[in-house]
Structures are given as structure tokens and as C-alpha cells.
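Have a look at the structure below before the remarks.
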Amino acid sequence: MPSEITSDKTKPAHAARSENMARAIRLWITAGPGLAWIILFLIVPSAILLGIGFMSNGDYGSPHLPLTLDPFKEVAGFSILGWADGNLITLLRSLVQSFIATFITVLLAYPVVFFIITRRPEIRPLLLLFVILPSWTNQVVRAYAWVELLGPRAPLSGLAQSLGLIPPNLGLMPTNFSVLIGLTYNYLPYMVVPLYAAAEKLDWSLVEAGRDLYASGPRLFWAAVFPQTLPGLLSGIILVAIPAFGDYIVPTLLGGNRVLMMGSLIASQFTETPNWPYGAALTIIMLLFTCGGLIVFRRMTKRLGGGDGAML
Amino acid sequence: MKRLIKYISLPALTGLAIIVGLAAPPPAQAATPTLYLFNWSQYIPESLITEFEISCSCAVVETDYDSNSEMAAKLKAGGDSQYDVVVPSSYYIPQLVHEGLLQKLDKSQIPNAKNLLPQFQNPAYDPNDQYSMPYQWGTTGVAYITKKFPAAPDSWGMMFNPKDNPSQPFELMGGSGRDTIGAACAYLGLGFDCNTEADWLKAAALIKQTMKRPNFTGFVDGTPARDQLKSGAIDVGMVFNGDIATCESDGSCNNATFVLPKQGTEIWVDTMAIPAHAPDPQLALEFINFILDAHSGAELSNFNDYGSPNAASVPQLQSILTSTLIVPTDEQMKHLMFLPPLAGKQLAVYNQIWTAIRQ
């Protein structure tokens, strides 16, 4: 027992100190810039936002003292004109948009991923690159490409007009349909990549075993394939659902900017219809919800995918 | 935990110091004075910038914005000490003055102010020209594809009356919504410059109804709306007169007609002002005086296709800039008005109503 205690003390103190020093220097060099970046561009702005969220609205929408809870009351729908369901509707609309976009990308990603992983290993990275490549272009530029493709004078719109799907004179854009196309197109790579990572490691012997037992195709997918891709699927859902929830570039450009999404509701509080405290309060609430959602998802991923929630 | 904090805090602080050091502006060079111009995008010709740089032996650094609200937000966030000249629209002047973001102009340094047309001197939005000098001016109106509307009325009904436009795609102005609310008010006979809650609510109901029509395609700003007219995405839109003058002078307008609705519409002035803590207010005054010179004023308007507030520039203007598209007749002028500035509770109420329309 005493020998255990003395073993540490037998080491010369100066050696231990210089070892500590070297470690601290290594930490400075490696972690310093990253940490500073996070503090400067995440922690500090978030703290400022948190402060603004509790301030009063000034004459021209800028934050003023005294501190108040009014911004949060406004988030709940209580404004100067009484209660309105606008925020609730905007929230629901953004959730629905996010849900549908995620659902469609999942439906599209599975066939794409299984097409790729059943090709020769040499060409798989190339095929994956084709999926990722469009996302290297700016989102706004790609949205404008769809504006051209779906506008009233585009051949596709002409076809839809002659089939009687849309009224004459009008285009496929701006409609809810064009918003969905834009979102799906935008976020498909974020679903394909994690799903591919999970599917590439697929244990095919389980599939063969299922075949030997005469399992039907759908049964085989649900029992042998789907559980193995679940970690990738959950990562993909997070990567698609969260940005699709806040996205307002696609609804603005492809949806004609007719209705507000959560993202544009917040943005306009700092510009067009200025009320900075209200905008800050909206942001805080949205961040809290997103974090809550992430925690729930992390738990689910851990339980279903055996702790492979690496994306989190 | 304490050790963790100790380990993290030191490297983090060092890194912070490095980033701040990198981000700090380089020491000002005394040799070349620099004018920091904060202007709408594409609102001044390169040639005019070069001419000014030569005349003042200085450099000009331009930063762009796309809306008054964006400009005001940046000034509030510390931009009032970064820029020497900003170009706010007339209805934003009272707000910027009230928030202390502008400084008074030393008019003895702007002798060219005498060149201004009388109607642009001592305007209602800035009594005695204390804070601003006119830059360009224009009107907001309705543009439509002529062949699709053989008998179009000069009325806001092109937007709000299904009988005037049963099936052709059209848009309304977005942004802060002031123009769209004003247009709806004007159509209802409440005046484009309506500013009471009751009037706004009536306008909001009309806009909500209009949004349900199948040929309503969305909220777009003036210049993008002009581009949509050109590409055929819409057949009717709310645009600024200068946008149509630009495409008319190069023949790309897709045969659009611009009208000022008889129910009344907006006249606006974009102005030059100096932020409260401008780095070089002396140079800013020199720039303002330079723009108000007869030759510069003409060059500016010939580039922008907007009206010149400068009487001395008129002989050097392109013919379209003296046509009724840019300079409305006296009869039309009677129906033009400035947007009233909003503040405090009134602005809060307005914002609520406009947001509710969009939600």
C-alpha cells in the first residue's frame, strides 16, 4: 500500500513538469485554432443571440433595455394584435416540408445505393461521385437551373399544360411540386452517402441465409437488409431533415416566395420586418427543438444501430 | 473538470488571439485616402468611380446591398463607422436619422447642390436637406406584356381584380411589403400612403384573397420581376420605371408596357448620406458634390436608366430619360406620393400584419 503512493513521488518533479509542458504545447497547436473558431463563431454569437432574445423591441426593431419575456410570448403567437395561429402554421408547414423531403429522398436513395454497391468495386467511387458532384455547385445556382427547367415556357410545362395537369399560361413552377423537386434534388446526396457507407459493409451471408429459408423479396429486405442499413439511414435522416426544415432558398425561388418558412420568418425579423428580439427568440426556440430532436435521435440510433451513432 | 478547463482555455485563448490578429484591418495607409461606398448593387458605372478616383487622387472601395433593410441592419451592427457614403431610399431617412446612424451634411462643401431640381430640394422626408442629397429617383408601377392585354386599364386591378386579369400569371412585390400593401390600399380607395391599422387590415384581406388565385405566382422584387416579364414567367408585374427603361433601350422588354395606376402609386428618391461615424466624412462630402455635378449626374442616370434629380444634367441625358416613362406628366404627378415612414408601435403593427399575410 505505501509503495503505491511513493511510486509516483519517486519520479523527479521537473521531469513530470516538462512532460506536462510538452503536452500543453501540443494541445495549443492542435486544438487551439479549432476551439477558438468555435468560441468566436458559435459560442459568442449564440450568447449574444440569447441576450437579445430577452430584450425589448425598439422603435425601429432593434433591441433595447429593459429585459422582458415579450419576444417569447410573440413566438407563442401573442402579438400586439392578439393571438394568431401564424407561427403554428409556419412551424407545421416547415415540419411537413422537412418530412416529405426526407421521405422522398429515402425512397430514392435505397435503389441508387443498391445499384452502386452491386457494381464492380473499382467503379463504385465514380458512381458515388456522380451523385455528389451537383452539390459542389452553389444551391442558389442549382435552384435557378430548375427555374429554367420548370418555367411556363419550358417544354416540361408545355407537356403538363397539354395533358391538362396545370392551367394554360402557367408553369410547373412556382408550385408545391417544384418546391419538392428542388428539395429532393438538393438533399439526395446527403441521404445517399451515409446509406452507402452502411450498405457497403452489408453482410450478404444473412441475405443468402434468408434465401435458403425461402423468404420472399420484401421479407428479405425487411429482415436481412434494412436493419443493417439502419445506422446509415438514421444519419441520412438527420442530415436531410434538419436543413430541409430551415431551408428557404428553395421555397423562395421555386415556390414563388408565397408563404413563409421558419427560416424566412426568422431572417425577415432582422431585415424586412425588423424586430431583432423576436427573431432572436424564434432562433433560440428553434435551436432548442433541433437539439431535442437530435438527442431523441441519438438515443434511437444507439438502441437500434448498436451505438453506431457516429454522425453525432 | 477544472483540469479540462485549464487545458482547453489556454490554447483556445491563444488561437483566439491569432484569429483576432488576422481579422484586424491592416494599418491605414496615409498615402491614399479611401472612400468606402455602400451602395445598391449595380447602381453606379465603373467609369464614374474611376473619374472620381482621378479627381480626388483617392481609392474607392464599393460594398453592395440589395435592400434598405439589409443596409439599415448593417449600419446598426457597426457599419456606421465603416462606410463613408450610403444610398438609402427616401422613406428610410427619418428612421436612420432617429437612430443616430447619419450625420448632418456641411452644405458649404456641396456647392453643386444648387444644380438640383426645385422639387428635390427641401423634401418632406428630410427638411432643409440636413442629412441627404438626392441620387436618383423613380416610380413604382405596373408592367404587362402588351399583346396579352389588348385593353389593359391603368389600374391596380391588373393585380387585384380577377376581371382585369383572369388567367395570366402575375406577381406582387415582396420585401417589406410596403409597395404591395400600398397598392392594395390604393385599389380599395384608401390611398397608396395608407397608414392606419384599419386600412392595412382591409388591404391584407384583399391580398390574402389575391394570393389564392391560381395565376398568382408569388412575391418578387422589382428587378427580378422585370426579368420574369422578359423570360415570360409572368405577364404582369410590379416594377420600377427604370427597370423597364433599361430593357426598352436594348429592346429586350418582350414588348412590355409600363403604367402608373390611376388610383395612385409611389414616387421615391434614393439619396446619398454620410453615416454617423464615417471614417472620412470630408472625402464623403467631396464624393456627394462630385455626383451632383452636371456631367456626373448625366453619366449616372444614363447608366442606371433612372430619373436624374439634377437640372444641370438634363441636356446630356438619353432621350428615354426625358420621356414620360421616366418623367411623368404633371397630371400623373398628382397621383404620386412618398411612402410614409413608420416607427414604434405603428411599425410593430405593420410588421405583424405583413407577416400574417405571408404566414
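Key figures for this structure:
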{"quantity": "For chain B, built as a Gaussian network whose Cα springs stay under 10 Å, the top-fluctuating residue of B:312, B:284, B:198", "calculated": "B:198"}
{"quantity": "Selection from A:71, A:181, A:110 lying farthest towards where the dipole of chain A points positive, charges on Cβ", "calculated": "A:110"}
{"quantity": "Computed label-point distance, nm, for sites residue B:151 and residue A:159 using a 7 Å Cα→Cβ extension", "calculated": "3.9"}
{"quantity": "Full-extension gain in nm, residue B:331 to residue B:56, via 0.36 nm per residue minus C-alpha separation", "calculated": "94.7 nm"}
{"quantity": "Placed amide H near residue A:60: partners under 5 Å, 5+ positions off or other chain", "calculated": "B:344"}
{"quantity": "Most mobile of B:243, B:280, B:270 in a GNM of chain B (Cα contacts under 10 Å)", "calculated": "B:280"}
{"quantity": "Extended-chain gain in nm, criterion 0.36 nm per residue less alpha-carbon gap, residue B:161 and residue B:320", "calculated": "54.1 nm"}
{"quantity": "Proxy reagent accessibility, fewest Cβ within 10 Å first, across A:147, A:296", "calculated": "A:296, A:147"}
{"quantity": "Hz values of 3J(HN,Hα) by residue in segment B:45-57 - Karplus curve (6.51, -1.76, 1.60), Gly and Pro given as x", "calculated": "x, 4, 4, 5, 4, 4, 4, 5, 4, 5, 5, 9, 6"}
{"quantity": "From phi via Karplus (6.51, -1.76, 1.60), per-residue ³J(HN,Hα) for segment A:226-231 in Hz, x at Gly/Pro", "calculated": "3, x, 6, 8, 4, x"}
{"quantity": "Positive-end extreme of charge dipole, chain A - chosen from A:195, A:242, A:87 (charges on Cβ)", "calculated": "A:195"}
{"quantity": "Listed residues B:271, B:139, B:210, most fluctuating in chain B (Gaussian network, C-alpha, under 10 Å)", "calculated": "B:210"}
{"quantity": "Kirkwood Rh, Cα atoms: Rg over Rh of chain A", "calculated": "1.10"}
{"quantity": "Burial ranking of peptide ranges A:239-246, A:85-92 (average Cβ count within 10 Å, highest at the top)", "calculated": "A:239-246, A:85-92"}
{"quantity": "Segment A:47-58 - phi-based ³J(HN,Hα) in whole Hz, Karplus 6.51/-1.76/1.60, Gly and Pro as x", "calculated": "5, 4, 4, 4, x, 4, x, 10, 9, 8, 7, x"}
{"quantity": "Which of A:203, B:330, B:235, B:293 has the fewest Cβ neighbours within 10 Å, and the rest in rising order", "calculated": "B:330, A:203, B:293, B:235"}
{"quantity": "Of all DSSP beta bridges in chain B, antiparallel share, percent nearest 5", "calculated": "55"}
{"quantity": "Chain B: projected area of the alpha-carbon convex hull, averaged over directions, in nm²", "calculated": "22.8"}
{"quantity": "Simple label model, 7 Å out from Cα along Cβ direction - residue A:302 to residue B:197, nm", "calculated": "5.0"}
{"quantity": "Set B:202/B:334; B:212/B:262; B:104/B:334; B:230/B:262; A:73/A:302; B:76/B:202 screened for pairs whose C-alpha atoms are more than 29 Å apart", "calculated": "B:104/B:334; A:73/A:302; B:76/B:202"}
{"quantity": "Sorted by Cβ neighbour density within 10 Å, fewest at the top, the residues A:286, B:333, B:159", "calculated": "B:333, A:286, B:159"}
{"quantity": "Relative contact order of chain A, defined on C-alpha pairs under 8 angstrom at six or more residues apart (%)", "calculated": "25"}
{"quantity": "Euclidean distance of C-alpha centroids, segment A:85-120 and segment B:73-125, integer Å", "calculated": "49"}
{"quantity": "Amide proton proximity set for residue B:35, modelled H, under 5 Å, gap of 5+", "calculated": "B:59, B:60, B:61"}
{"quantity": "The protein assembly as shown: C-alpha pair distances exceeding 35 Å, %", "calculated": "55"}
{"quantity": "Amide H within-cut-off set for residue B:65, under 5 Å, with H built and near neighbours excluded", "calculated": "B:39, B:40, B:41"}
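Every number in this text was worked out from the coordinates using simple rules, so none of it is lab data. The structure displayed is predicted, hence computed values, not measured ones. With ideal geometry, Cβ positions are generated from the backbone for all residues, glycine too; neighbour counts draw on all protein chains shown.
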